[in-house]
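Novice: Before I ask anything, let me first share the structure, which is written out below as structure tokens.
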């Protein structure tokens, strides 16, 4: 890429300067203007895709220039049909080798043919809901599979999926018929925070429509006095005292979450980790209810999925490092 931009400047400094400006705007400019919070840094690949496209232009210029130099060198060694055929073969080999090499290098990373983590995770979330429930989600990676299942496969079609961050925008609220009479429409968008809109919508639908939040929502904002307790990999709204129900775990499909046969990118790893943390939350809630044996079973399952929880669980089960005598 650097060789390409140098060659670009030699042949046409004006257009080369334009590409440099575009690259700076799409990289440094986006960071300065967007000022992304720390939790969004992992999205850097998606945000800077245009930057990669500009850089690939420079790579193309460099490749063309180097092949041209090689062609001239070969022609100096001789002339005729054999040389021309060799040059043609060289160009064809380069054109075939580059995409083939990229395909081979990145195939395993991008192959999802036997990866069911995202699909199963979304199915398990929807399986946890009542037929006309409301589920508040947080984050695109968790929402996309749910939208696919609901709108394409018509799985749990009566469930209302609300992407919580968008509830602060009128264009999103206006597009949801179920919120046509909601009180949040009378609240200015600048005054809507995630916890508040969840509380309002949950209270409006209490008694005839059950509300749930996903794991990311649970730990992204506070819901105030509106209580959500663990229920599998989501959290359900309760009023008063209600024991944690762990039977939902038996209904889940969890293909390959304990396997090393799939490539774990950031999103896949996060989804698998959530299974463990939700088990931990169920165990912690059961422990508060005085159900230590049930809590211990949940903790054991949590460590199977997310081994990093072991130390935290030991601290919860044995405060101060004190273990019961044998």
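The values are calculated or read from the model by the stated rules, or taken from the named source; none is laboratory data. No experiment lies behind these values; they were computed from the predicted model shown. Methodologically, a virtual Cβ is constructed for each residue, glycine included, from the backbone with ideal geometry; neighbour enumeration extends over all protein chains shown.
Novice: Restricting attention to segment 196-215, report how many residues are touching a strand residue (DSSP E or B) at 6+ places or on another chain (Cβ under 7 Å) and in a loop (DSSP other than H, G, I, E, B).
Specialist: 2
Novice: Quick one: is residue 309 within 20 Å of residue 145 (Cα to Cα) and either in the same structural domain as residue 207 (by TED's automatic domain parsing) or within 25 Å of the chain's Cα centre (by Cα) (or both)?
Specialist: The answer is no for residue 309.
Novice: Quick check: anything in segment 60-67 under 30 Å from residue 262 (Cβ atoms), surrounded by 15 or more Cβ atoms within 10 Å (Cβ to Cβ) and either assigned by TED's automatic domain parsing to the domain that holds residue 161 or out of contact with any helix residue (DSSP H, G or I) (no Cβ under 6 Å at 6 or more places or on another chain) (or both)?
Specialist: No, every residue in segment 60-67 fails to be under 30 Å from residue 262 (Cβ atoms), surrounded by 15 or more Cβ atoms within 10 Å (Cβ to Cβ) and either assigned by TED's automatic domain parsing to the domain that holds residue 161 or out of contact with any helix residue (DSSP H, G or I) (no Cβ under 6 Å at 6 or more places or on another chain) (or both).
Novice: If you check 123, 173, which single one turns out to be modelled with pLDDT of 95 or more and in contact with a helix residue (DSSP H, G or I) (Cβ under 7 Å, 6 or more places away or on another chain)?
Specialist: Unique residue meeting the criteria: 123.
Novice: From (1) within 26 Å of residue 266 (Cα to Cα); (2) loosely packed, with under 13 Cβ neighbours inside 10 Å; (3) modelled with pLDDT of 75 or more, pick out the condition that doesn't hold for residue 54.
Specialist: Tallying (1) within 26 Å of residue 266 (Cα to Cα); (2) loosely packed, with under 13 Cβ neighbours inside 10 Å; (3) modelled with pLDDT of 75 or more, residue 54 fails exactly one: (2).
Novice: For residue 192, state whether it is farther than 15 Å from residue 285 by Cβ, in the same structural domain as residue 271 (by TED's automatic domain parsing), exposed (fewer than 13 other Cβ atoms within 10 Å of the Cβ) and touching a helix residue (DSSP H, G or I) at 6+ places or on another chain (Cβ under 7 Å).
Specialist: no
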